[in-house]
Structures are given as structure tokens and as C-alpha cells.
């Protein structure tokens, strides 16, 4: 097969869509060494993705071209020239007017479910590209059953066109690392017990809700936050100052996945208070790290977190406090949940993901 990948996010995004794109491309390249892969991207950043394979070629736009238009439509000329068998849009879009068979991965439609968290122009662009891709692709990959339901509800897409294929996390979270690999900035922060928050500091991720619970727990419970700071961080920092939580809340800028993995392993629990997600990667990162997960009882989190995570009632601070106190001390129940979750999370792995995607490719061609 000749497979074209929309590799923009693989080269440009450090987390999220970038991790998904890198995982799909790398795992398929390892399995399908006889196929020719084309990584189609307007920009290359080898710091994010230094991918080398004998059966892969990077395709970029001509030097004198509008890169956004090239990715949206102009790339079709090159795809036709290469005689691509299948094109996989890895992040909610495919080229307009594409003639080859195509698949699009839809990660979420949160911009439609929660428009208040997105600016007007972004919403319009996301809506246009996602709807166009869902209507015109030969098949759709949804990263969860919840996302599949949203695609049907918002875009009226036939259910049989949508295939749920779960994603995985980076391999570093499966490994037990020595403390010597920690970044210097993290060494002092993990000497005492703590709970962990991983995610962008933005309103939808709901960090202030977690802080409200934290201030009502005993003072030895500390919180370490890892994630990119958005404009919501101002509200977060004001809340911390107002309630005198400065000694109990730390924000770390982690650039090394190994260090983040160690933080998971040493934490008492990951607390994931997000209002909603299309998947929720930190949940499986924590389970691979043998760390308890506390998250809300929203359908998407129960789908990904399984039966042995700790679920609080969405929007109920007292319920979250109860779960934090439950995981803070050792118990046989806590240990059992960790063991069962570690077995459960094995289904979210790169090899399974790649094989299911390849099977879908073969069905289409």
C-alpha cells in the first residue's frame, strides 16, 4: 500500500494530537515495512519528531506557496501524482476534493458541546473542517465511544461509517524509571507525598474545582500541576493566593516524558477534574504508571478509566474530597485497584491500535 498521513501535528505539536500522530505513524511503519508511507506536512520540526524509516518519505509544499491552502486543497495534486492508496487525516481533517480513499480520526467535538470555552473564529474553523471531513471521508476513526456518539448527534453521520479505535500513550509511561533521571526542577518537589494534576491550565480542565477540594483537606496533602498555562492560569493563581495555598500547590514545567512518568509513579493519585474530553490521555498514563486515577463519573471517563478508578460526582466538591482522602492512605482496596487497572490498561497499546487501523485500511482498498 501507499499510505499518506497528515503529519502536521506529528511535527508541530509536542503533546496531544502530536503524540497520537507520532504513535500511529511509528507503529504502522514498524508493522508494514513493505508499504510506502508519505508524511505530508507544511513544516518539519525534528525536535518533536525525528522519524527515520526506509519506507517513509516527507512531503512538503513548494517553497512559493500558501501552506494553509496547500494543506487544505493544493496537496491533492501531489497525492494524485504519488497514486496514494489511502490517506489518513490524523487530526479531524482531510484535504478538500481528495480523490483517493480517505480516513479521518476525530478526537473530539468539544468545540460544539462547550462553545463557551472556544473563541468564535476557532469554533467556526473546527466545525467546518470536522464536518467536511466526516461527510467526505470513506471511514471515520473515533477515539472513544463517546466521540462516536457525538459525531452521530452533531453531524448525522451513519453509525456504520464510524470505527472506535482507542489510542495509546507514550512508551515511557510503561517503564519504571530511576530517580536519577529526574529533571532538576522536579527533584525538590517530590520529596513529600502529593497528588498530581496533568493537563493544560485552561477553564475546561477545571483546575479551580480541584483547588476548592484541596483547601478543605488536611494541610499535608500537596498538589503538583503539570501543563501549559493559558489565560485561565490568572484565575487559578488568584484563587491560590486568596486561600493561602501557595505552600501546597506547585506548577512544574516538565519537558521530559521520563520525569513526568516518575511524577505519576510517586504520586498518591492522578486527579483529573476535566469537565469533558474526547479521550483523556492522562488517565491511561496514570494506569500504566500504576497510579490510582480520580476523575468524574462522566461517561467518557468511565469508558477510559474502567471499573477500578475512583469516580466523584461531577460538580460535587465534597465527593471529590472524599475520593482524595480515600487514596491518600494505603489500603488493600487501593492496591487491588492499581493491579486491576494495570491489567485493564494493556488494551490501550500501540500495537493493537496499529493493527486495527491497518485492518480498516485494507477493508477500504
Within segment 37-58, residues more than 22 Å from residue 254 (Cβ to Cβ) and crowded, with 16+ Cβ neighbours inside 10 Å come out as 37, 38, 39, 40, 41, 42, 44, 51, 56
Of all residues in segment 107-141 being touching a strand residue (DSSP E or B) at 6+ places or on another chain (Cβ under 6 Å) and touching a residue at least 60 places away in the same chain (Cβ under 8 Å), which is nearest to residue 73 (Cα to Cα)?
138
Any idea which of 19, 80 is in the same structural domain as residue 145 (by TED's automatic domain parsing) and closer than 25 Å to residue 198 by Cα?
19
Tally up the residues in segment 205-231 that are modelled with pLDDT under 95 and under 23 Å from residue 116 (Cα atoms), please.
5
Answer with yes or no whether residue 262 is at pLDDT below 95, under 29 Å from residue 208 (Cβ atoms) and crowded, with 20+ Cβ neighbours inside 10 Å.
yes
Could you say whether any residue in segment 94-108 is assigned to a helix (DSSP H, G or I), in the same structural domain as residue 9 (by TED's automatic domain parsing) and more than 18 Å from residue 161 (Cβ to Cβ)?
no
Determine whether residue 351 is at pLDDT below 95 and either in contact with a helix residue (DSSP H, G or I) (Cβ under 7 Å, 6 or more places away or on another chain) or in a loop (DSSP other than H, G, I, E, B) (or both).
yes
Hey, among the residues in segment 63-95 that are loosely packed, with under 15 Cβ neighbours inside 10 Å and in contact with a helix residue (DSSP H, G or I) (Cβ under 8 Å, 6 or more places away or on another chain), which one's modelled with the highest pLDDT?
66
Listed residues 338, 300; which is over 28 Å from residue 91 (Cβ atoms), out of contact with any strand residue (DSSP E or B) (no Cβ under 6 Å at 6 or more places or on another chain) and crowded, with 16+ Cβ neighbours inside 10 Å?
338
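The values are calculated or read from the model by the stated rules, or taken from the named source; none is laboratory data. Computed from a predicted structure; not experimentally measured. Virtual Cβ from ideal backbone geometry, glycine too; neighbours counted across all protein chains shown.
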